[in-house]
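The structure appears right after this line, and notes come after that.
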Amino acid sequence: MVEPLDYLHLQMRLEGKQVFNEYLIRQVEVVPGENVPLMLIAQLASGERIVYYDESLSSEFLKELAATIIGIEFPAIYPLFAVLKKQRLQFDVGHYKTYMFPSIPVNDRYVYCLSKDDKKVKAFGFNDFAEQVYVIEREGNVISACVSTRENDKCGEAWVYTAPEYRNQGLAQKVVNTWAESLMRAGKVPFYSHKLDNVGCANLARKLGLQPGFEEISMTRG
């Protein structure tokens with residue numbers, strides 16, 4: 001079992017970020033849509049709080065942020081906003097939850113793997129992600145699929161979608177489990193995450209029996 005903190009670092013590496021000097025982060029690889037956050041605050045499932053800062057921030061600003069966060073109860077981070085605004089920084093806030101697969105899932109015989117270049121995958125709109133796409137078909141058309149939206153030699157992050165008319169039939173669980181089983185057999189760590197307010201994704205995590213790894217709040221330059 002991968003520990004939640006290791007899980008956090010794996011996810012950050014997948015986003016092209018790397019921790020150094022214990023609490024600073026930098027972008028070490030260009031990943032579309034990803035930038036180093038001004039601050040990243042993670043609450044692990046154990047209750048431990050982890051905080052990382054953009055390496056470009058001044059030492060005095062870092063001290064002020066660190067002093068402010070001491071008295072904050074996650075996820076009530078509003079006092080930090082005043083500190084950031086005092087520096088005239090424009091920022092966006094994202095709140096996410098990430099889960100761990102407690103064991104190797106059982107794949108499903110109705111799910112099979114297609115190449116992203118397959119015409120049925122292209123028609124479903126899943127051809128811009130990883131090479132292997134795990135799908136369920138009906139009448140020659142993909143109706144549910146899971147793919148790694150990002151993947152490296154260590155881990156992969158799930159992206160799943162089911163056509164609206166086929167939802168609430170357990171199809172998403174089947175494709176996600178088969179995707180995760182494939183990654184774990186290859187020695188990689190699968191993870192599933194979503195914005196905190198995405199009720200549908202939270203319900204899927206519950207149905208899959210996933211274990212909470214951490215919640216993360218990131219503040220990125222706006």
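The values are calculated or read from the model by the stated rules, or taken from the named source; none is laboratory data. In this text the structure is predicted, and so the values were computed from the model without any measurement. Cβ coordinates were reconstructed from backbone atoms using ideal geometry, including for glycine residues, and neighbour counts include every protein chain displayed.
Out of the range 20-47, which residues are within 21 Å of Met100 (Cβ to Cβ) and at pLDDT 95 or above?
Hits for the range 20-47 are Leu40, Ile41, Ala42, Gln43, Leu44.
Quick check, is Leu84 within 28 Å of Ala45 (Cβ to Cβ) and not in a strand (DSSP E or B)?
So Leu84 fits the description; yes.
Results for (1) free of Cβ contacts under 8 Å to residues at least 40 places away in the same chain; (2) out of contact with any Cys (no Cβ under 8 Å at 6 or more places or on another chain); (3) closer than 14 Å to Ile217 by Cβ, shown as yes or no for each residue.
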{"site": "Leu38", "(1), (2), (3)": "no, yes, yes"}
{"site": "Ala42", "(1), (2), (3)": "no, yes, yes"}
{"site": "Ile50", "(1), (2), (3)": "no, yes, yes"}
{"site": "Glu55", "(1), (2), (3)": "yes, yes, no"}
{"site": "Leu65", "(1), (2), (3)": "yes, yes, yes"}
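Can you pull out the residues in the range 102-111 that are in contact (Cβ under 8 Å) with a residue 40 or more places away in the chain and of a type outside the set (A, V, I, L, M, F, W, C)?
Once the filter is applied, which keeps residues that are in contact (Cβ under 8 Å) with a residue 40 or more places away in the chain and of a type outside the set (A, V, I, L, M, F, W, C), the range 102-111 yields Pro102, Pro105, Asn107, Asp108, Tyr110.
Looking at the range 179-194 only, could you name the residues that are part of a helix (DSSP H, G or I) and under 15 Å from Lys207 (Cα atoms)?
Ala180
I'd like the full set of residues that are polar (S, T, N, Q) and under 30 Å from Gly140 (Cβ atoms), limited to the range 87-128.
Asn107, Ser115, Asn127
Could you count how many residues in the range 131-178 are assigned to a helix (DSSP H, G or I) and either surrounded by fewer than 16 Cβ atoms within 10 Å (Cβ to Cβ) or touching a Phe, Trp or Tyr at 6+ places or on another chain (Cβ under 9 Å) (or both)?
Number of matching residues: 10.
Filter the range 179-202 for residues that are of a type in the set (A, V, I, L, M) and either surrounded by 18 or more Cβ atoms within 10 Å (Cβ to Cβ) or under 15 Å from the mean Cα position of the chain (by Cα) (or both) and give the result.
Ala180, Leu183, Val189, Leu196, Ala202
Can you name every residue in the range 52-73 that is surrounded by 15 or more Cβ atoms within 10 Å (Cβ to Cβ) and not charged (D, E, K, R)?
Answer for the range 52-73, where residues must be surrounded by 15 or more Cβ atoms within 10 Å (Cβ to Cβ) and not charged (D, E, K, R): Tyr52, Tyr53, Leu57, Phe61, Leu62, Leu65, Thr68, Ile69, Ile72.
Per-residue answers, yes or no, for (1) of a type in the set (D, E, K, R); (2) touching a Lys or Arg at 6+ places or on another chain (Cβ under 8 Å):
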| residue | (1), (2) |
| --- | --- |
| Asp128 | yes, yes |
| Val135 | no, yes |
| Ile143 | no, no |
| Ser148 | no, no |
| Thr162 | no, no |
| Val176 | no, no |
| Gly209 | no, no |
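Out of all the residues in the range 89-101, is one or more without any contact (Cβ under 8 Å) to a residue 60 or more places away in the chain and over 29 Å from Gly156 (Cβ atoms)?
Taking every residue of the range 89-101 in turn, none turns out to be without any contact (Cβ under 8 Å) to a residue 60 or more places away in the chain and over 29 Å from Gly156 (Cβ atoms).
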